[in-house]
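Quick notes on the structure that follows.
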Amino acid sequence: MDSKWACSRVPRIYWLIALIACAAGFVQVSARAQQSSAAVPDITGSWERARDASIPAQPQPPLKPQYLKEWQARLQALREANAKGQPIADRVVACLPDGMPGMMSGPFPMEILQSRGQVTIIQEAYTQVRRILHDRQQNAIDDVEPGYYGHSVGHWDGGTLIVDTVGIKENVTYQNVPHSKDMHIKERISPGPNGILRDEITIEDPSILEKPWTFTLGYRRMPDYQLLEYVCEDNREYADEKGVQQIRIPR
Amino acid sequence: MIFGKRIQRVCLGLIILSVAGTALAHHSFAVYDHTRTLNLKGTVTKWQWSNPHAYLDIDVRDSNGEVKHYTLEGTSINMLQRSGWRSNMIKAGDQVTAVAAPLLNGEPGGLLLEITLASGEKKELPVPAANTFKRNPEQD
């Protein structure tokens with residue numbers, strides 16, 4: 001069948017309607033694209049943790065009573081061990097990175113890279129990398145292998161990058177706060193007042209927390225700073241048989 | 001003003017909690033004595049430029065002529081680089097004077113707070129909460 005013949009069989013009015021619909025759609029899509037790309041802020045570059053009056057103080061995690069008790073006892077044990085000069089060996093002793101959300105909390109600088117369909121965040125300490133994939137559905141938690149950074153999806157809503165992360169290992173904790181494998185880390189990343197970039201983090205974990213735990217981290221730009229390499233190598237600190245931090249002294 | 005006092009207590013509690021949280025969020029230097037420092041003049045045997053900590057090994061000769069080996073922990077080399085340090089500022093064989101907070105367990109080690117390099121230049125290390133270490137380098 002020849003196409004000229006096929007076209008000649010379609011009434012002209014249908015062609016006109018189709019053309020108008022296509023044009024309207026095109027205008028709408030390009031307007032949306034223009035609007036969203038115009039509103040997306042440029043956050044590419046190096047940043048360091050910053051305190052600012054616009055950043056609220058971090059509240060205590062709203063843990064369920066049994067977990068709150070365990071968490072408080074853990075903090076007390078850490079304090080007592082420190083006071084005795086026998087600190088309990090932490091992840092640094094074992095050359096382990098923070099994972100999420102700890103890698104967002106500094107104190108080392110981090111770099112944000114915006115590219116097509118992805119925002120990448122590199123934390124200088126331990127060269128930690130997380131990738132926030134745009135405009136896709138979050139995976140079912142059971143389909144994400146547990147890890148340090150999990151699976152992050154996000155999209156720009158005006159000037160705010162909205163992110164959801166799942167798949168964090170249960171032994172990867174932030175400030176010793178326990179979590180389950182079902183934890184979601186929700187983030188709203190946006191430029192705030194005083195040149196401060198804000199990351200409003202909400203931890204959702206209904207089996208551990210009474211309600212979502214929200215806190216905000218702030219960052220200041222580090223103009224011209226390039227992240228340095230960081231490899232954890234030959235740490236002379238070690239955990240003894242009691243889990244106490246010690247240091248190897250060569251004889 | 002019972003209500004006011006209660007609010008004050010809650011606020012104080014929150015402040016303590018937030019400070020405690022911050023303090024516990026970072027790697028501990030609790031193995032080191034915060035009340036005194038050692039003044040160690042000696043010969044560098046190794047300058048380990050690594051993360052999470054740099055390490056300085058030095059041989060120190062005491063008044064009896066006996067040599068004692070010390071291992072001094074530095075900060076992260078990234079923090080050192082950001083405050084102007086370079087790996088080649090110290091090398092084996094250099095004569096240096098180190099100010100260090102000693103290990104509480106009596107082992108010959110410490111936290112390196114300050115060093116006088118072979119060139120005579122004095123350099124501080126960017127130790128977090130460095131002001132919590134009381135300096136008295138004359139007490140060897």
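Specify the residue that is most open to solvent (accessible area, probe 1.4 Å); the eligible residues are those in the stretch B:111-140 that are part of a strand (DSSP E or B) and of a type outside the set (A, V, I, L, M).
B:LYS122
Of all residues in the stretch B:97-110, which are in contact (Cβ under 8 Å) with a residue 24 or more places away in the chain, closer than 19 Å to B:HIS34 by Cβ and either of a type in the set (Gly, Ala, Ser) or part of a strand (DSSP E or B) (or both)?
Passing the criteria: B:ALA98, B:VAL99, B:ALA100, B:ALA101, B:PRO102, B:LEU103, B:GLY109, B:GLY110.
Of everything in the stretch A:225-243, what is of a type in the set (S, T, N, Q) and open to solvent by 100 Å² or more (accessible area, probe 1.4 Å)? Give them in sequence order.
Keep residues of the stretch A:225-243 that are of a type in the set (S, T, N, Q), which gives A:226, A:235.
Hit for the stretch A:225-243 is A:GLN226, nothing else.
Go through the stretch B:68-110 and report how many residues are surrounded by 15 or more Cβ atoms within 10 Å (Cβ to Cβ) and in contact with a Pro (Cβ under 8 Å, 6 or more places away or on another chain).
Residues in the stretch B:68-110 being surrounded by 15 or more Cβ atoms within 10 Å (Cβ to Cβ) and in contact with a Pro (Cβ under 8 Å, 6 or more places away or on another chain): 11 in total.
Residues in the stretch A:54-63 that are part of a loop (DSSP other than H, G, I, E, B), more than 11 Å from chain B (Cβ to nearest Cβ) and buried (at least 17 other Cβ atoms within 10 Å of the Cβ): how many?
Residues flagged as part of a loop (DSSP other than H, G, I, E, B), more than 11 Å from chain B (Cβ to nearest Cβ) and buried (at least 17 other Cβ atoms within 10 Å of the Cβ) within the stretch A:54-63 amount to 1.
For the stretch A:175-193, give me each residue that is in contact with a helix residue (DSSP H, G or I) (Cβ under 9 Å, 6 or more places away or on another chain), open to solvent by 20 Å² or more (accessible area, probe 1.4 Å) and not in a loop (DSSP other than H, G, I, E, B).
A:HIS184
Filtering the stretch A:194-209 down to residues that are acidic (Asp, Glu) and open to solvent by 10 Å² or more (accessible area, probe 1.4 Å), which residue is farthest from A:ILE121 (Cα to Cα)?
Residues of the stretch A:194-209 that are acidic (Asp, Glu), as a first pass: A:199-200, A:204-205.
In the following step, the residues that additionally are open to solvent by 10 Å² or more (accessible area, probe 1.4 Å) were identified as A:200, A:204.
On the way: A:GLU200: 15, A:GLU204: 22 Å.
Residue satisfying both the conditions and the ranking: A:GLU204.
Conditions (1) over 23 Å from A:VAL244 (Cβ atoms); (2) in a strand (DSSP E or B); (3) open to solvent by 40 Å² or more (accessible area, probe 1.4 Å); (4) without any contact (Cβ under 8 Å) to a residue 60 or more places away in the chain, marked per residue:
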| position | (1), (2), (3), (4) |
| --- | --- |
| A:GLN86 | no, no, yes, no |
| A:VAL92 | no, no, no, no |
| A:MET100 | yes, no, no, no |
| A:ILE122 | yes, yes, no, no |
| A:LEU133 | yes, yes, no, yes |
| A:ASN139 | yes, no, yes, yes |
| A:THR165 | yes, yes, no, no |
| A:VAL172 | no, no, no, no |
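Each row is one residue, and each column tells you yes or no for (1) closer than 30 Å to A:LEU209 by Cα; (2) within 12 Å of chain B (Cβ to nearest Cβ); (3) in contact with a strand residue (DSSP E or B) (Cβ under 8 Å, 6 or more places away or on another chain); (4) among the β-branched types (Val, Ile, Thr).
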residue: A:ASP52; (1), (2), (3), (4): yes, no, yes, no
residue: A:LEU78; (1), (2), (3), (4): yes, yes, yes, no
residue: A:ASN82; (1), (2), (3), (4): yes, yes, no, no
residue: A:GLY99; (1), (2), (3), (4): yes, no, yes, no
residue: A:MET103; (1), (2), (3), (4): yes, no, yes, no
residue: A:PRO107; (1), (2), (3), (4): yes, yes, yes, no
residue: A:LEU113; (1), (2), (3), (4): no, no, yes, no
residue: A:GLU124; (1), (2), (3), (4): no, yes, yes, no
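Can you find a residue that is of a type in the set (Ser, Thr, Tyr) and either over 22 Å from A:GLY150 (Cβ atoms) or open to solvent by 30 Å² or more (accessible area, probe 1.4 Å) (or both) anywhere in the stretch A:67-78?
yes
Can you go through A:PRO212, A:PRO250 and tell me which one is over 22 Å from A:PRO97 (Cβ atoms), open to solvent by 30 Å² or more (accessible area, probe 1.4 Å) and within 10 Å of another protein chain (Cβ to nearest Cβ)?
Within the list A:PRO212, A:PRO250, the selection yields A:PRO250.
Which numbered condition trips up A:ARG188, out of (1) in contact (Cβ under 8 Å) with a residue 12 or more places away in the chain; (2) more than 12 Å from chain B (Cβ to nearest Cβ); (3) closer than 30 Å to B:GLU107 by Cβ?
Only one criterion is unmet by A:ARG188, namely (3).
Consider only pairs whose beta carbons are under 8 Å apart and that are at least six residues apart or on different chains; among these, list those whose first residue lies in the stretch B:74-90 and is among the small types (Gly, Ala, Ser) and whose second residue is open to solvent by 10 Å² or more (accessible area, probe 1.4 Å) and part of a helix (DSSP H, G or I).
What qualifies is B:SER87/B:ILE77.
Tell me, yes or no, whether the stretch A:216-224 has at least one residue that is outside any loop (DSSP other than H, G, I, E, B), in contact (Cβ under 8 Å) with a residue 40 or more places away in the chain, of a type in the set (Phe, Trp, Tyr) and surrounded by fewer than 16 Cβ atoms within 10 Å (Cβ to Cβ).
Checking the stretch A:216-224: not a single residue is outside any loop (DSSP other than H, G, I, E, B), in contact (Cβ under 8 Å) with a residue 40 or more places away in the chain, of a type in the set (Phe, Trp, Tyr) and surrounded by fewer than 16 Cβ atoms within 10 Å (Cβ to Cβ).
The values are calculated or read from the model by the stated rules, or taken from the named source; none is laboratory data. Since the structure is predicted, the reported quantities are computational estimates derived from the model, not experimental observations. Note that each Cβ is placed from the backbone with ideal geometry, even for glycine, and that neighbours are counted across all protein chains shown. For accessibility, only protein heavy atoms count, side chains too; no ligands or nucleic acids. Shrake-Rupley method; radii C 1.70, N 1.55, O 1.52, S 1.80 Å.
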